[in-house]
1. Out of every Cα-Cα pair in region A:235-342, what percent are more than 19 Å apart?
2. Run lengths n ≥ 4 of DSSP H only: what is the helix-derived mean residue ellipticity at 222 nm for chain A, with -39500 (n - 2.57) per run over all residues, to the nearest 500?
3. Taking the Cα-to-Cβ direction at A:LYS306 and at A:THR219 and moving 7 Å from each Cα, how far apart do the two end points lie in nm?
4. If I take R0 = 51 Å and measure r between the Cβ atoms of A:ALA327 and A:ARG26 in this structure, what FRET efficiency does the formula 1/(1 + (r/R0)^6) give, to the nearest 0.05?
5. Expressed as a whole percentage, what fraction of the accessible surface of region A:10-224 belongs to carbon and sulfur atoms when a 1.4 Å probe is rolled over the protein heavy atoms?
6. Leaving out ligands and nucleic acids, and using a 1.4 Å probe, what accessible area per residue does region A:235-342 come to in Å²?
7. Take the alpha-carbon centre of region A:10-69, take the same for region A:185-224, and report the distance between them in whole Å.
8. Heads up, I need the accessible area for A:LEU80: 1.4 angstrom probe, whole protein in place, Å², nearest 10.
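The values are calculated or read from the model by the stated rules, or taken from the named source; none is laboratory data. The structure displayed is predicted, hence computed values, not measured ones. All Cβ positions, even for glycine, are placed from backbone atoms using ideal geometry, and neighbour counts span all protein chains on display. In case anyone asks, the SASA skips ligands and DNA or RNA and just uses the protein heavy atoms, side chains included. Shrake-Rupley method; radii C 1.70, N 1.55, O 1.52, S 1.80 Å.
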Amino acid sequence: MKPKKQNADFLHVGEKLLAWYEISGRDLPFRKTKDPYKIWICEIIFQQTRIEQGLNHYKNFIKRFPDLETLANADTDEVLLYWKGLGYYSRALNLHKAAKQIIEDFNGKFPENYDDILKLKGVGKYTAAAISSICFNEKIPAVDGNFYRVLSRVFADDFDISNSKAFNYFSELALMMMPKNEAGHFNEAMMDLGSEICKPKNPKCEICPLNKNCIAFNTGNIQNFPVKSKKVKPTDLELTYYFVEFKDRFLIRQRNDGFIWKKLYEFPTEIPDEFENYITHQKTVNHKLTHKNLTIHFYKVSLNSKKGFEEFAVKNGFRISSQDDAALKSFPKSLENYLAENV
DNA sequence: AACGCGGGGTA
DNA sequence: TACCCAGCGTT
């Protein structure tokens, strides 16, 4: 499924993009390094995450885990703590697994080619391309949402980006544009253009370095690209949590790695019948996530028996927590908000 | 090939 | 409200 564009001057467009990047590219902390560890961390953090949202997480993460060994030797809990608020928590778990994987399978040295990098947990084709092009100058386009948007507009290409073949299709297109020996900068340039100029809404076509080449722009057609047929539709999820307290102590536990909020902390989801009499408040909160419309029923249970409180905790594997418990920082936002109002 | 997975920003 | 974001793993 190769792109059929015989006459376009691909390389010329690629060089214009690169020239723009040299002058107008963003000044980001991870642009100053070719340390594959740091590039890897940044690529994982910025999967499905905008730069403004994840930049402080990146800085804090590198400060706490400055190298591979530090990360591999850290506790999973602490890795998750530094991931707080980023979402898609599998990324943090896979990141930690991959650090151990590099220690074991690659003798502690970060793999230096696309195929080996692709073997790492949580690293797919995009991320392997980004790391290998930026750090090791491999000529592989790092096709992400920015590539889809920019390329589909420049060539007014209606190839459906929901199609699972879109990655290969736009990779072929990008490869034809990529200037020799500049794969890393080309990939970064495409990301910056997509983020700063060729935005999903209200793109700044009048100052775009590619506007003379952009077919969608020159035919007044920008709003029709990219073509995306499949939409994400959230499902409803109803949860019940009990905030079980005795004086200033309350109960939390770590989740399993199940369907949502993997390994983060939560409150009890059920209580014994005799606790029902100690429910003092009830509140229902609605919260929209990308994939879930959450309805959370919170019940506040204020016990007056230390013995009953502790027995319930021990028997059901809960942790007796207080406000200064570091684990609280690893709560999902939706639960943390409740906590802030009630403790 | 289709689906599940967070949280936050923008219009 | 709908859509999007430096995607990946599972089934």
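1. Percent of Cα pairs beyond 19 Å in region A:235-342: 42.
2. When only DSSP H runs of four or more count, the value is -12500 deg cm²/dmol.
3. 7.7 nm
4. Efficiency at R0 = 51 Å is approximately 0.90.
5. With neighbouring chains kept in place, the figure for region A:10-224 is 48 percent.
6. Here the residues of region A:235-342 average 56 Å² of exposed surface.
7. Between the Cα centre of region A:10-69 and that of region A:185-224, the gap is 20 Å.
8. 0 Å²
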